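Structure first, then comments.
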Amino acid sequence: MKAHEQPFVCIVDANHHVAGIITRNDLADVGLGDTAFGIDLLKKVNLTNLSKTIDGKIIYEDEKMHLNGKVSIVAFSKHEISNYEVSDRIVIIGDDAQSQKALIEKGAGMLIVVWADSIEDSVIDTAKKYHCPIILSGIGAMNTSRYLFFAPEISYVMKKNVMCFLEDEFLEDVAKRMSRKRYRAYPVVNASKELVACILKDHAMIYQNKSLILVDHNEFSQSVPAIEKAEVLEVIDHHRIYDFYSKKPIMFRNEIVGSTATIITGLYIENQVDIPKNIAGLLLGTMISDTLNFQSPTTTEKDFRMAEYL
């Protein structure tokens, strides 16, 4: 999120299908939300993930680990643990073997030891007896207590069943659906349901339709899909005028000639713009094709003149 300056990240499965989305607000809920939420997360924590999060080292792992999700910090206490309630809790403790063993015997669910390089064998033996995993933290007590809550898997925090949009949907339709939701970002998927991009609600709401010039046609039924939603600036054509309409006055040029290329060539001349050789070749080729090598009954004298010019 920091690297790309965006307030969200999409989560995908092994097939690159969208599994969920997580936002900065979701992460803020972990760090600033109700205590009960953090407790529920830490009940499900994986020992390997927890160790990685605090740059730690697993000293003892136990399959019968018993956690209730609560955390106690006893890191600055030496031999004074009688007043602490530690049963089934994650306990952060300093480098004091006697206190470590006493906490385990009181029913601690896990020990995270800070400011230590090793754990005494007697402490490990006690941990085995009471099924209490031990981790050596690679950071201080304060940061250890902060980072713990970011150790659970992202699937516990992300929003699932996220509204996705297909990459070929019209943005106007997408914006209407977004307006009824409160989220700021949405995944965009292809026909195979694979994630291809994300779209921000703010961007969708301010988007303006494209401006177009219709060339060699004027009927909406012959144009691109949703042409009626675009802003048509001009029309250059030599066909019949059928179902065309515009919301405001535009430049509409329709001439009785055999090819629209004839009209475009005339526009170059009228505006005193030199025609590059490659463009002249394209226009002449179009003209020859459209007039059936100047044998079509729609061919006019102007077509011949413009062809000679090209």
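Values in this text are rule-based calculations from the coordinates and carry no lab data. As the structure is a prediction and not an experimental result, all values here were calculated from the model. Here the Cβ is made from the backbone with ideal geometry for all residues, glycine too, and neighbour counts use every protein chain on show.
A few comments on the model shown:
- Helix-only CD estimate at 222 nm, as mean residue ellipticity for the chain, using -39500 (n - 2.57) per DSSP H run (n ≥ 4): -9000 deg cm²/dmol
- 19 Å reach of a label modelled at VAL224, 7 Å along Cα-to-Cβ, counting backbone N of region 148-186: 166-175
- Residue-span extension gain [ASP40 to ARG184] - 0.36 nm each, minus C-alpha spacing: 49.2 nm
- Applying 0.36 nm per residue to the separation of LYS193 and SER289 and subtracting their alpha-carbon distance, the gain on full extension is 30.3 nm.
- Spatial separation of Cα centroids for region 26-70 and region 230-254, in angstrom: 65
- Those aspartates and glutamates that a straight Cα-Cα span of less than 12 Å connects to LYS70, excepting residues fewer than 8 apart in one chain: ASP40, GLU85, ASP88
- Cα-based reach from LYS277 at 18 Å (exclusive), listing aspartates and glutamates while leaving out same-chain residues under 8 positions away: GLU308
- What you get for the chain, charging only the Cβ of Lys and Arg (+1) and of Asp and Glu (-1), is a dipole of about 920 debye around the Cα centre.
- Region 1-91: chymotrypsin sites (Phe, Trp or Tyr not before Pro) in DSSP loop, at most 15 other beta carbons within 10 Å: PHE76
- When +1 charges are put on Lys and Arg Cβ atoms and -1 charges on Asp and Glu Cβ atoms, the dipole computed for region 198-310 relative to its Cα centre reaches about 300 debye.
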